[in-house]
């Protein structure tokens with residue numbers, strides 16, 4: 001039932017039953033304590049001399065160019081099914 005609201009509620013109930021009522025508070029605390037304030041929204045300049053926004057833009061351009069090129073230039077992907 002994953003992927004819908006009922007499944008999410010059921011999973012949350014199972015997690016709370018197995019691991020305690022403060023399960024989500026504990027895992028949130030762990031994630032927050034490991035955070036170093038970086039990420040794509042960060043204004044901090046990293047070791048590579050880029051901010052998070054600049055790094056995200058470069059990564060997106062690389063991914064977009066790879067996907068765009070392989071999709072547009074590959075005409076062998078067209079499949080014809082004879083019925």
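Bear in mind these aren't lab numbers, they're just calculated from the coordinates by the rules spelled out. Quick caveat: nothing in here was measured; it's all calculated off a predicted structure.
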Full-extension gain in nm, residue 54 to residue 27, via 0.36 nm per residue minus C-alpha separation: 6.7 nm
Average Cα contact separation per residue, region 1-52, under 8 Å, 6 or more apart, as relative contact order %: 16 percent
